[in-house]
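Written out below as structure tokens is the structure these notes cover.
The values are calculated or read from the model by the stated rules, or taken from the named source; none is laboratory data. Remember, predicted model here, so these are calculated numbers, not experimental data. A quick note on method: Cβ atoms are made from the backbone with ideal geometry, for glycine too, and the neighbour counts reach across all protein chains shown.
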């Protein structure tokens, strides 16, 4: 079995390098919609072949993720494939930094403290990074573990597709990908992500790990 983790298309806030978290439910830009429509016809067939079939499409409930999934995996083409909205896969709550960029935050002592911590302290008035990581990894772990054909053994020809946020992908890859890497090293651009194999490992959290990691871009 495989997992495809894709980050949603670009929003206005992404373009302006803002902290676009769970309190900013903005949709895609017109340019991103057009790029994704083109990708659906030009690139997705190849990616679906690499997935060897799609059993479920799981998204964050936020508009930018649902819209991306609908454009890349049109319902008329993927008729019968269950679509699941997972509240646990929403983006991080950026608190007082929400929808601000570094230019607007420069000089803010709380922002400087966040930078000095290497981004590990969490967001004032928002979510702690360890809590965010635990929420995202736990949600994906439960979804994978519930698949009847995944563990033990597994079955070729089935993939779970997750259309989510950049931070969610980073949290999931840090938790499950092997060889292991640190959280921020898993950053991806809009429309990009990772295709991974699910391998049984009883000693790992939720009984599996992600291997044979390949970077994917639909744009």
Quiz item: Would a scan of the range 206-215 turn up a residue that is modelled with pLDDT of 95 or more and farther than 22 Å from residue 52 by Cβ?
Solution: no
Practice problem: Could you please give the count of residues in the range 33-64 that are buried (at least 18 other Cβ atoms within 10 Å of the Cβ), at pLDDT 95 or above and touching a helix residue (DSSP H, G or I) at 6+ places or on another chain (Cβ under 8 Å)? | Solution: 5
Quiz item: Going by the structure shown, is residue 61 more than 18 Å from the chain's Cα centre (by Cα) and part of a loop (DSSP other than H, G, I, E, B)?
Solution: no
Quiz prompt | Residue satisfying all of: in the range 86-101; surrounded by 13 or more Cβ atoms within 10 Å (Cβ to Cβ) and part of a helix (DSSP H, G or I); farthest from the chain's Cα centre (by Cα) among these | solution = 96
